Amino acid sequence: MSDLALPEKPAAASGRRPWLSLTGRFALALAATIIAVAVFGPWLTPHDPNAMDLTARLDGPSAAHWLGTDHLGRDILSRLFVGARVSLGSVAVTLSLILALGIGIGGAAGFLGGRTDQVIMRCADVFLTFPTLVLALFMVGMLGTGLVNVVIAIALSHWAWYARIVRGIVLSLKHRDFILASRLAGTGRLRIFWTHLLPATMSQLVVLATLDIGHIMLHVSGLSFLGLGIAAPTAEWGVMLNDARQFVWTEPHLMIWPGLALFISVMAFNLLGDAIRDRLDPHLRMEHAH
Amino acid sequence: MTSRCLEISGLTVRTMCDGRERELVSGVDLALEGGEVLALVGASGSGKSMTCAAALDVLPPGTWRAGGTVELDGQVRTAREVRGAYVATILQNPRSAFNPVRTMRSHAHETLRALGMGRSGRNARVEAAMIDAGLEDVPRILALHPFEMSGGMLQRMMVALALMSEAPFLFADEPTTDLDLIVQREILDLLERLKKTRGLGILLVTHDMGVVARLADRVAVMDAGRIVETGPVMDVFHRPAHPTTRRLVDAHLSLYPTLSPAEPAT
């Protein structure tokens, strides 16, 4: 730090600031690793995640089984790797479904306006009233258990947040002159939505979606833990937690590993979402620059 | 294309005000020929812009078209058919009429796509229209965003977009109000040239009688949502029949006392 530092200096330095903060880059690296494990998991596993070896039940960490084995002698590390795939895969499908619903419904409400908007948003309000996990539990209760129903239930309990954001942005833009100009040039409504309105919602949706990855992951694992989602033999972190429950006093490490995997994944995606939000919000960016 | 005729008849716009319906535009009739400039003048709030918006069915929320037809060469057309394909529009404020995050190229392609034009031949048409509108350095300008351009350039680009559509008619809603005098003059010159070379029929909405005298062939005067007087520009200036017209001309002359209405500056 020089005493002669001119007022311009910090601004000039901020120009070379990396796109993401240090925490953000750390979170990005962590999230990328988790995604890589999810994608390449089956080729990385040292053992078959479902191969039982009843002679090696509840072993501690060893050279053969780095994180030990569970109550059926299955390799925990392998099961964690494969579990990442199930968890992240279901999160990806759920998020796609939520985005499709949110953009479609919120866009229609904002763009069509009037009574359509009123009806849609009052429906959304109903969904916004309940805590998402309670709503998801209720829907699984109606739809029945299983991964597909869990995905549908979580998507149905989350779309309203996305719809509300999309609607708000569409409402704020739809009477702007450039939309009018576009209509006057003969562009159809769908095309206007696609080229002018949807891109404007993206920065907020990306932030919300990234922050929700961890949240949804906990929902999937939570419902699986309760025995409502993924069934027992499948390697999934919530299922592993549930399996380990009976040994929580004698073999606590069985619970620690899947718990830690969940914790690290959720944290990575939350930190990443925070960092992206800080980056994409122009007001916050201004504060950093000064 | 030059012999086309656009006829608006019985155009009525209503709105709800304090629980009662109020008429903002009442039974407006206008006829616009190819190759002429019809100026629609009137004080602020007289319903000039509302008339244009109603003819193309892009009225602001809370108002609606309660009656009226738009005919092209004697055939009734819906607003959806007319927009873009038969009537191109230039808006008042060029700075807000472009999506701030999209380039000129993206806007040009959007305009052509709206007309159902395929990818082939687009570039040639874009270039021709832009050169016609006085934007010579086509490739450089196409790569620009709105914030990188001046108001005059943006207004030229808006004219170029209108030309790209090859629509026979042009609605220009206060096309020079937000521009400085030099650029105003350039845009008016441009419109006049396009009227002659392309045979455009231009409906010019304005409250600036200087612009009217400069550009218009005929004038329609609006007051409180009605057309109160229509006629050739010289007649309206020299022998205004309706009190509203007289007030508009007088107001102009009192602001620019040294200029005779026959040869006004812009």
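The values are calculated or read from the model by the stated rules, or taken from the named source; none is laboratory data. The structure displayed is predicted, hence computed values, not measured ones. Note that we place each Cβ from the backbone using ideal geometry, even for glycine, and neighbour counts take in every protein chain shown.
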**Q.** Answer from B:VAL58, B:VAL76, B:VAL126 - the residue that is surrounded by fewer than 17 Cβ atoms within 10 Å (Cβ to Cβ) and either within 14 Å of chain A (Cβ to nearest Cβ) or among the polar types (S, T, N, Q) (or both)
**A.** B:VAL58
Q. All but one of (1) modelled with pLDDT under 90; (2) surrounded by fewer than 15 Cβ atoms within 10 Å (Cβ to Cβ); (3) closer than 19 Å to A:ARG183 by Cβ hold for B:PRO100; which doesn't?
A. (1)
Q: Considering each of A:THR132, A:THR116 in turn, give the residue that is among the β-branched types (Val, Ile, Thr) and surrounded by 15 or more Cβ atoms within 10 Å (Cβ to Cβ).
A: A:THR132
Q. Somewhere in the range B:28-35, is a residue without any contact (Cβ under 8 Å) to a residue 40 or more places away in the chain and within 18 Å of the chain's Cα centre (by Cα)?
A. yes
Q) Out of curiosity, is B:ARG83 buried (at least 16 other Cβ atoms within 10 Å of the Cβ), within 14 Å of chain A (Cβ to nearest Cβ), touching a residue at least 24 places away in the same chain (Cβ under 8 Å) and of a type in the set (Lys, Arg)? A) yes
Q) In the range A:220-228, is there at least one residue being of a type in the set (S, T, N, Q) and touching a Lys or Arg at 6+ places or on another chain (Cβ under 8 Å)? A) no
Q: Go through B:GLY134, B:GLY151 for me and flag whichever is in contact (Cβ under 8 Å) with a residue 12 or more places away in the chain, surrounded by fewer than 18 Cβ atoms within 10 Å (Cβ to Cβ) and at negative phi.
A: B:GLY151
Q: Select from the range B:158-204 the residues that are crowded, with 23+ Cβ neighbours inside 10 Å and of a type in the set (Val, Ile, Thr) and write down the one among them that is modelled with the highest pLDDT.
A: B:ILE202
Q) (1) hydrophobic (A, V, I, L, M, F, W, C); (2) more than 18 Å from B:LEU255 (Cα to Cα); (3) at pLDDT 85 or above: which one isn't true of B:VAL212, the others all being true? A) (2)
Q: Could you list, in sequence order, all residues of the range A:136-157 that are in contact (Cβ under 8 Å) with a residue 12 or more places away in the chain and not in a helix (DSSP H, G or I)?
A: A:THR145, A:GLY146
Q) Out of B:PRO264, B:PRO232, which single residue is closer than 22 Å to B:LYS196 by Cβ, at pLDDT 85 or above and not hydroxyl-bearing (Ser, Thr, Tyr)? A) B:PRO232
**Q.** Pick from the range B:1-21, criterion part of a strand (DSSP E or B) and in contact with a Phe, Trp or Tyr (Cβ under 8 Å, 6 or more places away or on another chain), ranking: farthest from B:GLY68 (Cα to Cα)
**A.** B:THR15
Q: Could you grab me the full set of residues in the range B:11-28 that are touching an Asp or Glu at 6+ places or on another chain (Cβ under 8 Å) and closer than 24 Å to B:TYR86 by Cα?
A: B:LEU11, B:THR12, B:VAL13
Q) Is it the case that B:PRO139 is in a loop (DSSP other than H, G, I, E, B) and more than 8 Å from every other protein chain (Cβ to nearest Cβ)? A) no
(Q) When the residues of the range A:143-191 are narrowed to those that are more than 14 Å from every other protein chain (Cβ to nearest Cβ) and of a type in the set (S, T, N, Q), which ends up farthest from B:GLN92 (Cα to Cα)? (A) A:THR145
Q | Whichever residue in the range B:22-55 is of a type outside the set (A, V, I, L, M), part of a helix (DSSP H, G or I) and at pLDDT 90 or above and, among such residues, is surrounded by the fewest Cβ atoms within 10 Å (Cβ to Cβ) | A | B:CYS52
**Q.** Every pair of residues 6+ apart whose Cβ atoms lie under 7 Å, when the first sits in the range A:6-34 and is farther than 13 Å from A:ALA275 by Cα while the second is surrounded by 10 or more Cβ atoms within 10 Å (Cβ to Cβ) and modelled with pLDDT under 55
**A.** A:ALA11/A:ALA289; A:SER14/A:HIS288; A:SER14/A:ALA289
Q) What pairs can you find where one residue is in the range A:73-96 and under 11 Å from A:ASN50 (Cα atoms), the other is buried (at least 23 other Cβ atoms within 10 Å of the Cβ) and among the hydroxyl-bearing types (Ser, Thr, Tyr), and their Cβ atoms are less than 8 Å apart, with a gap of 6+ or different chains? A) A:ASP75/A:THR69; A:ILE76/A:THR69
Q: Quickly run through the range B:97-121 and pick out the residues that are more than 14 Å from chain A (Cβ to nearest Cβ) and either in contact (Cβ under 8 Å) with a residue 24 or more places away in the chain or not hydroxyl-bearing (Ser, Thr, Tyr) (or both).
A: B:GLY118, B:ARG119, B:GLY121
Q | Criterion (more than 17 Å from the chain's Cα centre (by Cα), assigned to a loop (DSSP other than H, G, I, E, B) and of a type outside the set (Ser, Thr, Tyr)) met by exactly one of B:ARG119, B:ARG105 | A | B:ARG119
Q. Can you tell me which residues in the range A:36-60 are of a type outside the set (Gly, Ala, Ser), crowded, with 16+ Cβ neighbours inside 10 Å and in a helix (DSSP H, G or I)?
A. A:VAL37
Q: With a cut-off of at least 1 residues that are among the hydroxyl-bearing types (Ser, Thr, Tyr), name the strands (runs of 3 or more DSSP E) lying wholly within the range B:146-248.
A: B:201-206, B:226-232
